[in-house]
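Following: one structure in structure tokens, then a few remarks.
The values are calculated or read from the model by the stated rules, or taken from the named source; none is laboratory data. The model shown is predicted, which means the values in this text are computed figures rather than measured ones. Because the Cβ atoms are built from the backbone with ideal geometry, glycine has one as well, and the counts that use them run over all protein chains shown. Quick note on the areas: whole protein, heavy atoms, side chains included, nothing else; ligands and nucleic acids left out. Shrake-Rupley method; radii C 1.70, N 1.55, O 1.52, S 1.80 Å.
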Amino acid sequence: MRYEGVVYRPPSEAYSLIVQLTVGCAHNGCTFCTMYKDKTFRIRPVKEILEDFAEGAARYGDRVRRIFLADGDALVMKTEELLEILSFARENFPSLGRISSYGTPGDILRKTKEELTRLRKAGLELIYMGAESGCQQVLRSVNKGASRDEIIAAGKKLKACGMEASVTLISGLGGRKLLKEHAVDSASLISEINPRYVGFLTLMLDEDAPIMEQIKRKELELLEPQEVLEEMRLFLQHVHSEGTIFRSNHASNYIALKGTLDGDIPRMLAQLEEIEKEQRFRPERFRAL
Ligand code: SF4
């Protein structure tokens, strides 16, 4: 298997076979993200990708249950090429269950419903879509490359085509100034999309992240754990998304919660109260990206 640079994957893909379809991220412009800053974006040739799959099949064969298509936005590839790769994976991994990838809102919106439906039928079941925030002002300030309306449209389009969506939000991205707007607008964004999964990360930055300039100029103030808790409480008080599975179990989070964004909200709010009373936050030294 050939890998170029650091390869990132969602926490839930820890046991997946990972194959890079692209190197880097085509947008590569979000001011908080340094994941692919050292990579020049390119789409790998299909022949090379299939060679990697063939090697994975020879090595791990029927032990592979899940495949994750990396890097930042594999969905940017041409549909016909993706279909060829998905079909090869289906044929060569007899125990294969789920295939997933990251997808930016732009990638999703650029594909027609027919294309997404064909990809779903070929086995691409789950797309991890970084929304980061539901607040338009925050999205603009971090150069997300997609508006709130586009993110909602992309999430709904995935669902309409039978794909599951896992939407990521970043706690603290609005800083102190936009804490409330970030929480409440993110809640309404999730309520509108009603995705299968929602994952919360908490803002953690490399010194090289472009957003550091805003922080140095004090235009954005990082949140203390107590403020992150208040933001989370506001989010939970305003969201209603039937059946959506919510997790804040990423290593960057001060607070770990898990539950559905309808029935489990009262329990998670009670958990927040307990955490607040005991000031039981993940210590800074144990946080990681
Ligand atoms: S779209 Fe995702 S991977 Fe690309 S720069 Fe933004 S956060 Fe990073």
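Within the stretch 131-142, the set of residues being under 16 Å from the mean Cα position of the chain (by Cα) and either open to solvent by 10 Å² or more (accessible area, probe 1.4 Å) or closer than 16 Å to I99 by Cβ (or both) comprises just one member, E132.
Please verify whether G243 is small (G, A, S), surrounded by fewer than 21 Cβ atoms within 10 Å (Cβ to Cβ) and without any contact (Cβ under 8 Å) to a residue 12 or more places away in the chain, treating the condition exactly as stated. Criteria not met by G243. Within the stretch 15-25, which residues are more than 16 Å from the ligand (Cβ to nearest atom) and open to solvent by less than 50 Å² (accessible area, probe 1.4 Å)? Across the stretch 15-25, the qualifying residues are S16, L17, V19.
Among the residues of the stretch 189-227, the ones that are part of a helix (DSSP H, G or I) and touching a helix residue (DSSP H, G or I) at 6+ places or on another chain (Cβ under 7 Å) come to 4 in all.
Residues that are hydrophobic (A, V, I, L, M, F, W, C) and part of a loop (DSSP other than H, G, I, E, B) within the stretch 251-280 comprise A251, I255, A256, L257, L261, listed in sequence order. Within the stretch 152-167, the residues that satisfy the criterion of being in contact with a strand residue (DSSP E or B) (Cβ under 9 Å, 6 or more places away or on another chain) and assigned to a loop (DSSP other than H, G, I, E, B) are G162, M163. Is it the case that the stretch 42-63 has a residue that's part of a strand (DSSP E or B) and within 16 Å of the ligand (Cβ to nearest atom)? Taking every residue of the stretch 42-63 in turn, at least one turns out to be part of a strand (DSSP E or B) and within 16 Å of the ligand (Cβ to nearest atom).
Of everything listed in (1) within 27 Å of H182 (Cβ to Cβ); (2) within 16 Å of the ligand (Cβ to nearest atom), the single unmet condition for F68 is (1). The set of residues from the stretch 105-123 being open to solvent by 40 Å² or more (accessible area, probe 1.4 Å) and assigned to a helix (DSSP H, G or I) comprises L109, R110, K113, E114, E115, T117, R118, R120, K121.
Just give me the residues in the stretch 250-289 being touching a Gly at 6+ places or on another chain (Cβ under 8 Å), touching a residue at least 40 places away in the same chain (Cβ under 8 Å) and surrounded by fewer than 16 Cβ atoms within 10 Å (Cβ to Cβ), in sequence order. Hits for the stretch 250-289: nothing passes.
Out of G162, G145, I need the residue that is at positive phi and either at pLDDT below 95 or more than 16 Å from the ligand (Cβ to nearest atom) (or both). Which one? Exactly one of G162, G145 is at positive phi and either at pLDDT below 95 or more than 16 Å from the ligand (Cβ to nearest atom) (or both), namely G162. Only one of the numbered conditions (1) in a strand (DSSP E or B); (2) more than 16 Å from the ligand (Cβ to nearest atom); (3) under 18 Å from L220 (Cβ atoms) is violated by I170, and that is (2). Among residues belonging to the stretch 80-94 that are in contact (Cβ under 8 Å) with a residue 24 or more places away in the chain and open to solvent by 10 Å² or more (accessible area, probe 1.4 Å), point out the one that is farthest from the ligand (Cβ to nearest atom). Going through the qualifying residues, I end up with P94.
Restricting attention to the stretch 1-14, the residues that are within 14 Å of the ligand (Cβ to nearest atom) and either of a type outside the set (V, I, T) or farther than 12 Å from L69 by Cβ (or both) total 5. Tallying residues that are crowded, with 16+ Cβ neighbours inside 10 Å and either in contact (Cβ under 8 Å) with a residue 60 or more places away in the chain or away from the ligand (no atom under 12 Å from the Cβ) (or both) within the stretch 26-41 yields 7. Tell me the residue from Y128, Y102 that is closer than 20 Å to A70 by Cβ, within 16 Å of the ligand (Cβ to nearest atom) and open to solvent by 40 Å² or more (accessible area, probe 1.4 Å), please. The conditions single out Y102. The set of residues in the stretch 130-144 being of a type in the set (G, A, S) and not in a loop (DSSP other than H, G, I, E, B) consists of G130, A131, S141. Being in contact with a His (Cβ under 8 Å, 6 or more places away or on another chain) and open to solvent by 10 Å² or more (accessible area, probe 1.4 Å) is the filter here, so list the residues in the stretch 153-185 that pass it. Result: V184, single match.
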